[in-house]
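A.B. asks: Here's a structure for you.
Here, each number is a calculation from the coordinates, and none is a lab measurement. Keep in mind that what you see is a predicted model, and the values were worked out from it rather than measured. A quick note on method: Cβ atoms are made from the backbone with ideal geometry, for glycine too, and the neighbour counts reach across all protein chains shown.
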Amino acid sequence: MKKYIGKSVVKGIAVGRIYWYKKQNYEAVKTEVLDTEAERERFESAVETAKKQLTVLYEDALDRLGEEHAMIFEIHKMMLEDEDYLDAVKNVINEGLNGEYAVSVAEEQFAEMFASMDDEYMKARAADIRDISKRVINILAGIGEDGIHTDEPVIVVAEDLTPSETVKMDKEKILAFVTVKGSSNSHTAILARSMNLPSLVNTKMELKEEMNGKVAVVDGFNGEFIVEPEEDILQEMISRKNQWIADLKGLEQLKGKENVTSDGRKINLYANIGSVNDVDAALEADAGGIGLFRSEFLYLGRNDYPSEEEQFESYKTVLEKMNGKKVIIRTLDIGADKKVDYFKLEPEENPAMGYRAIRICLDRPEIFITQLRAIYRASAYGTAAIMFPMIVSVNEIIRIKEIVGQVKEKLLAEGFRMGEVELGIMVETPAAAVISDELAKEVDFFSIGTNDLTQYTLAVDRQNQKLESTCDTHHPAVLRLIEMTVANGHKEGIWVGICGELAADTELTHTFLDMGVDELSVSAANVLKVRKAIRDI
Amino acid sequence: MKEFKKVISDPVGLHARPAGLLVKQAAAFKSKVTISGNGKSADGKKLIMLMGLGIRKGMEVICRIEGEDEEAASEVLQKFFEENL
């Protein structure tokens, strides 16, 4: 038995035989040609053939996978019409060298350009250059197209796969993909997602001939590829696989269904998102809204503050995609533990209890005002709500509301349209939970952040693995604070939700319903699981 | 010469799909189209170099159009940028 670790791009489990998809590695040999004119024509006609193949691939993918996934072949065709690329090849031919070699020179030159870019998406485009070049070289050298030839469905293992190779494979014959190279941004990963096949990329292993035909397991949940598993492990994986498929089928049927218990109690079930890209998954999982839109992604991984315009576009996109469903945006929640150099935050002994989140926003209102302006402007495009993190006092809310009032007044004077925006707070400090009766008088809703609430209540650092056993998320102190917060919120007629990890803990779903929690917000992957737990009560 | 600016708001930036569509739009006009951003410039009718600019979300691009049909081209391209990027 051998176990390899890869990066999972599609979750799921597959058990089957390995099919080593080996490329017909044609090495373009450098030879001299006398008639460069004829060689140029040979190249041009190969490009025409390649473009015809791509048109067929495009139409095939259009039927099977839809326009979005088919587009890549249209792009490939356009790359083959790119003058810079064609000129690069012709220049080498003009030196008296053969077409195959000339294409491989252009391939290296352009693939290198993309590979050296500091952007993961663009890096992955080197594969497109290699794909089109390989296509032309194979036509020139008279090599047929590759495919997989097998009777039973197999686990396809390869060094790397190009989009056209992936699309051409008969989906009925594939159980999973495992590649040595590739990134989660590669088209292969995207296609694997659309086919919903368990897949690993960037798997650390050396491909060997003897792997071919061996029984293996792909565990897309844990990013593991196990070759020749021992009998007990094999049996365990088969039962996990069957369970996964049964769960999947059961959960799929819950799409479009209400979040209602057998005795008729209803609850809102929303999704947490961390960027604009997560919205599709939330919609796909049939979430009733966005219960926590972490706005940090706008600030991380860059050198300067995001502009109002840029933030506005992101919020607007999410609101439009959610089409009237509620989107609760949490304002900046950053502290010294996050690497945002341009904030110029002093290193701290204890960043979790330090200068962070709303404390920064109230201390540097210019950052806060930019974000609020962007959210209020976007509010015209859907149902936006705002929540503020790390609140410990009524005074903070009063100061926030003053700033919000000024922002709204100014936007109105500037002629912007705005929607109705609910204002709420995260209840994630014990202080906020204890004075929730007073805080409830000032806001439209509470969202309980159980991760921080647990850490602060139990005085347990979540990052410290030694304390894992002490960090009891079901600790009665935490549960009592939640219960108290819900009751105090309801006394003032406001709704109360939970958006921390605990919201997805189905052992507690019943407890939360009994407490009267109005909304649970969980990751998209957990929406249907929690819906099932609610419906089972 | 016509010129306009746009801050890219597409989350992935000037990626393959919009770059491909942009080249198609630009190729329909006789005018020379130059796209600048991220400290580099590229011919708006050449897909690979255009993608090679590495334009990401939040960056400002300048589109310059020069030629006999620059008026019409500028209008079409500006609309394209507003709607797609």
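A.B. asks: Whole-Hz ³J(HN,Hα) for each residue in the range A:275-285, computed from phi via Karplus 6.51 cos²θ - 1.76 cosθ + 1.60 with θ = phi - 60°, x for glycine and proline: what do you get?
C.D. replies: Karplus-based 3J(HN,Hα) across the range A:275-285 equals 6, 4, 5, 7, 4, 4, 5, 5, 5, 4, 7 Hz.
A.B. asks: In addition: Please give the length that would be gained between A:Glu409 and A:Glu492 if that part of the chain were fully extended, namely 0.36 nm times their separation in residues minus their C-alpha to C-alpha distance (nm, one decimal).
C.D. replies: Details: separation 83, 0.36 × 83 = 29.88 nm, distance 2.71 nm.
That works out to 27.2 nm of additional length.
A.B. asks: Filter A:Lys204/B:Lys24; A:Lys77/A:Lys214; A:Lys123/B:Lys24 down to the pairs with a C-alpha to C-alpha distance above 29 Å, please. The partial results should precede the final answer.
C.D. replies: Details: A:Lys204/B:Lys24 40 Å; A:Lys77/A:Lys214 38 Å; A:Lys123/B:Lys24 23 Å.
Violating the 29 Å Cα-Cα cut-off are A:Lys204/B:Lys24; A:Lys77/A:Lys214.
A.B. asks: Report the full-extension gain for the segment A:Lys3 to A:Thr55: residue separation times 0.36 nm, less the Cα-Cα distance, to one decimal in nm.
C.D. replies: Details: separation 52, 0.36 × 52 = 18.72 nm, distance 4.04 nm.
Answer, rounded to one decimal: 14.7 nm.
A.B. asks: Kindly provide the helix-only [θ] at 222 nm of chain B, computed as the sum of -39,500 (n - 2.57) over DSSP H runs of four or more divided by all residues, to the nearest 500 deg cm²/dmol? Each step should come with its number before you reach the end.
C.D. replies: On the way: 3 runs with 33 residues, N = 85.
Per the formula, -12000 deg cm²/dmol.
A.B. asks: Each label point is 7 Å from the Cα along the Cα-to-Cβ direction; what then is the distance between the points at A:Ile398 and A:Phe416, in nm?
C.D. replies: Label at A:Ile398, label at A:Phe416, 2.7 nm between them.
A.B. asks: Divide by every residue of chain A the summed helix terms, -39500 (n - 2.57) for each DSSP H run of at least 4, and state the resulting mean residue ellipticity at 222 nm, rounded to the nearest 500 deg cm²/dmol. Could the numbers behind the result be given before it?
C.D. replies: Working: 20 runs with 240 residues, N = 537.
Value at 222 nm, helices only, nearest 500: -14000 deg cm²/dmol.
A.B. asks: While we're on this one: Let me check against my output: what whole-number percent is the relative contact order of chain A, with C-alpha pairs under 8 Å and at least 6 apart?
C.D. replies: Numbers: 957 pairs, mean separation 74.2, N = 537.
The normalised contact order for chain A reaches 14 percent.
A.B. asks: Can you tell which of A:Val180, B:Leu47, A:Val9 lies farthest toward the positive end of the dipole of the protein assembly as shown, using +1 and -1 charges on the Cβ of basic and acidic side chains (Lys, Arg; Asp, Glu)?
C.D. replies: Result: A:Val9, furthest along the dipole toward the positive end.
A.B. asks: Arrange the peptides B:10-17, A:41-48 so that the one whose residues have, on average, the most other Cβ atoms within 10 Å appears first.
C.D. replies: Values: B:10-17: 20.2, A:41-48: 16.9.
Result, highest mean first: B:10-17, A:41-48.
A.B. asks: Output the antiparallel fraction of DSSP beta bridges having both residues in the protein assembly as shown, as a percent to the nearest 5.
C.D. replies: Details: 33 of 74 bridges.
Roughly 45 percent of the beta bridges in the protein assembly as shown run antiparallel, per DSSP.
A.B. asks: Given labels modelled 7 Å from the Cα in the Cβ direction, how far is it in nm from A:Ala281 to A:Met484?
C.D. replies: 3.5
A.B. asks: Okay, moving on. Using only the alpha carbons, work out the radius of gyration and Dmax of the protein assembly as shown in angstrom.
C.D. replies: 27.8, 91
A.B. asks: What is the dipole size for the protein assembly as shown, taken about its Cα centre, with +1 at each Lys and Arg Cβ and -1 at each Asp and Glu Cβ, in debye to the nearest 20?
C.D. replies: Details: 78 positive and 107 negative charges, 184 e Å.
With Lys and Arg at +1 and Asp and Glu at -1, about 880 debye.
A.B. asks: Moving on. Distances over 22 Å make up what percent of all Cα-Cα pairs in the range A:267-535?
C.D. replies: Details: 20073 of 36046 pairs.
Everything past 22 Å amounts to 56 percent.
A.B. asks: Among A:Lys410/B:Lys2; A:Lys321/A:Lys401; A:Lys344/A:Lys410; A:Lys2/A:Lys257, which pairs are too far apart, with a Cα-Cα distance over 32 Å? Spell out each step's value before the answer.
C.D. replies: Values: A:Lys410/B:Lys2 34 Å; A:Lys321/A:Lys401 28 Å; A:Lys344/A:Lys410 29 Å; A:Lys2/A:Lys257 43 Å.
Cα-Cα > 32 Å for A:Lys410/B:Lys2; A:Lys2/A:Lys257; rest within.
A.B. asks: Shifting gears a bit: For A:298-305, what's the mean count of beta carbons from other chains sitting within 10 Å of each residue's beta carbon? Don't skip to the answer; put the middle values down first.
C.D. replies: Details: counts 2, 0, 0, 0, 3, 0, 1, 0.
Other-chain Cβ atoms within 10 Å of each residue's Cβ, averaged: 1.
A.B. asks: Which distance in Å, rounded to a whole number, links the C-alpha centroids of the range A:337-416 and the range A:86-102?
C.D. replies: 58
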